[in-house]
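Read-outs throughout are calculated quantities, based only on the coordinates presented, and are distinct from any laboratory measurement. Remember, predicted model here, so these are calculated numbers, not experimental data. Reconstructed Cβ throughout: ideal geometry from the backbone, glycine too, with neighbour counts over all protein chains shown.
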Number of protein chains: 2
Amino acid sequence: MTDETGRAPRRRADARRNESALLDAAAAVFVASGVEAPVRDIAAKAGVGVGTVYRHFPTRADLVVAVYRHQVEACAVAGEEALERADSPFEALRRWIDVFVDFLVTKHGLAGALQSDDPQFQVLHAYFLDRLLPVGTRLLEAGVAAGEVRDDVTAIELMRGVGGLCIGPADDRYDVRHTVGVFLDGMRAPAR
Amino acid sequence: MTDETGRAPRRRADARRNESALLDAAAAVFVASGVEAPVRDIAAKAGVGVGTVYRHFPTRADLVVAVYRHQVEACAVAGEEALERADSPFEALRRWIDVFVDFLVTKHGLAGALQSDDPQFQVLHAYFLDRLLPVGTRLLEAGVAAGEVRDDVTAIELMRGVGGLCIGPADDRYDVRHTVGVFLDGMRAPAR
DNA sequence: TCGACAAGCGGAACTTAGTTCCGTATTGTT
DNA sequence: AACAATACGGAACTAAGTTCCGCTTGTCGA
């Protein structure tokens, strides 16, 4: 392994054009039809062949991650900010989860894909966990340190739990935010 | 509408045989491959053609409901029993949810199907809600009356929330029961 | 500017799965 | 036994994922 610079070789201009067209098209199609929309639809919207989609994004999860990467990063950052700005660690947790829920409920089908056991989505699951678990851990730890959060909940429980509560069709009898609020209340440290 | 007795006309013997073979086959295939297993697999296991599957169970949800009807009934009954037998309404709620979670986590893919927005599963969703919502409501109301459960949670939140928490692949970092326990703790009435 | 060659493209073709439909077989009845 | 009515099987059609290969285009050195 000599000469391993890790620098990606410059790609052809059309390849870069197509990738960006695909990202735009996928974002639009995901909004309209959810993250499980047919690959052909995305290819058509981008004006490319299906082969091109697969060349740039081998799995659907790669495409989904690419489309939402910015927002996931922003969500991660929002966690740090909440911790600095909020009145208390628990309040910070609440605010951050609010951001996370907002993100999930506005992306049709994303919460379901995140929790899916379809191997196609494993990369997606892994990416979200990689990026958000440390943030969740920090918030939880701060809460525990302040005596506001019970010490037997893990960041996985938090993220996967909230994700699970966000899954499913809209239904005016089910208020996701309220339910998530109940879940968070369950994480409060019991009064001594 | 003359002569409306509501009694189903007796069906042919082969039809009854096939239906029961299908139920057995579906149960086995659901265990092995989950509730989204290909219709052809079920037909093959039952030794019938795919047309026969559709004739008896027009949608996948119909088949799923038929396979699990007994257990759903049992779960509904368990709610009433818990209320009679447990030391307190909250304890009854906890026990009943335990039964419900047991049921869900042992049926591969069922929780996901329940929450799915695929119209194919609407009947399934509706059946579970029809059967279990009243039970949840009763348990919740008893808890509220006893001052043990907060009065702003609905049975839909309870069922759909717990369902959501049960979705997803097994992962030894995620303990469904513990997470559901946290959720239930969130439903406790706050100390006055 | 102009090849030549690598990089990239498109979409036909193959696979898997859901769903429908109709000619044929089975059942119950007279 | 003969006849309806009922039910069956699986071919055929549709939709979607995925692969593959002949063709096009961009890049770069001469």
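Here are the numbers for the structure shown:
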item: Estimated inter-spin distance, B:D102 and A:D87, nm [label 7 Å along Cα→Cβ]; result: 4.4 nm
item: Gaussian network model of chain A, Cα within-10 Å springs - most flexible of A:G136, A:G47, A:G163; result: A:G47
item: Taking B:F103, B:F57 and counting other C-beta atoms within 10 Å, the order from fewest to most; result: B:F103, B:F57
item: Test item: Cα-centred dipole of region B:1-88, Lys/Arg +1 and Asp/Glu -1 on Cβ, debye; result: 660 debye
item: Order of B:E36, B:E80 under a 10 Å beta carbon neighbour criterion, fewest first; result: B:E80, B:E36
item: Förster radius 30 Å - calculated FRET efficiency between A:A44 and B:Q120 (Cβ-Cβ, nearest 0.05); result: 0.75
item: Phi to ³J(HN,Hα) by Karplus 6.51 cos²θ - 1.76 cosθ + 1.60 over region B:121-135, Hz, x for Gly, Pro; result: 9, 4, 4, 5, 3, 4, 5, 4, 5, 3, 7, 9, 4, x, 5
item: Over chain A: helical MRE at 222 nm, DSSP H runs n ≥ 4 each giving -39500 (n - 2.57), nearest 500; result: -22500 deg cm²/dmol
item: GNM flexibility winner over chain A from A:H56, A:H108, A:H178 (Cα, springs under 10 Å); result: A:H178
item: 10 Å Cβ neighbours from other chains, averaged over peptide B:166-176; result: 5
item: Between helix A:176-187 and chain A: long-axis angle, C-alpha atoms, 0 to 90°, nearest 10; result: 50 degrees
item: Phi to ³J(HN,Hα) by Karplus 6.51 cos²θ - 1.76 cosθ + 1.60 over region B:156-170, Hz, x for Gly, Pro; result: 4, 4, 4, 5, 5, x, 4, x, x, 5, 8, 6, x, x, 4
item: Exposure proxy order (Cβ contacts within 10 Å, fewest to most) of A:L104, A:L158; result: A:L104, A:L158
item: Point-to-point label distance, A:E80-B:E141, nm (Cα→Cβ direction, 7 Å offset); result: 5.2 nm
item: Centroid-to-centroid separation of region A:48-127 and region B:118-180 [C-alpha atoms, Å]; result: 25 Å
item: Cα long-axis angle, helix A:89-105 against chain A (0 to 90 degrees, to the nearest 10); result: 30 degrees
item: Dimensions in Å of region A:54-192 - Rg and Dmax from alpha carbons; result: 15.4, 58
item: 20 Å binning of all Cα-Cα separations within the protein assembly as shown, expressed as whole percents from 0 upward; result: 24, 50, 23, 3, 0
item: Long-range HN-HN contacts of B:G168 with modeled amide H, under 5 Å; result: B:G112
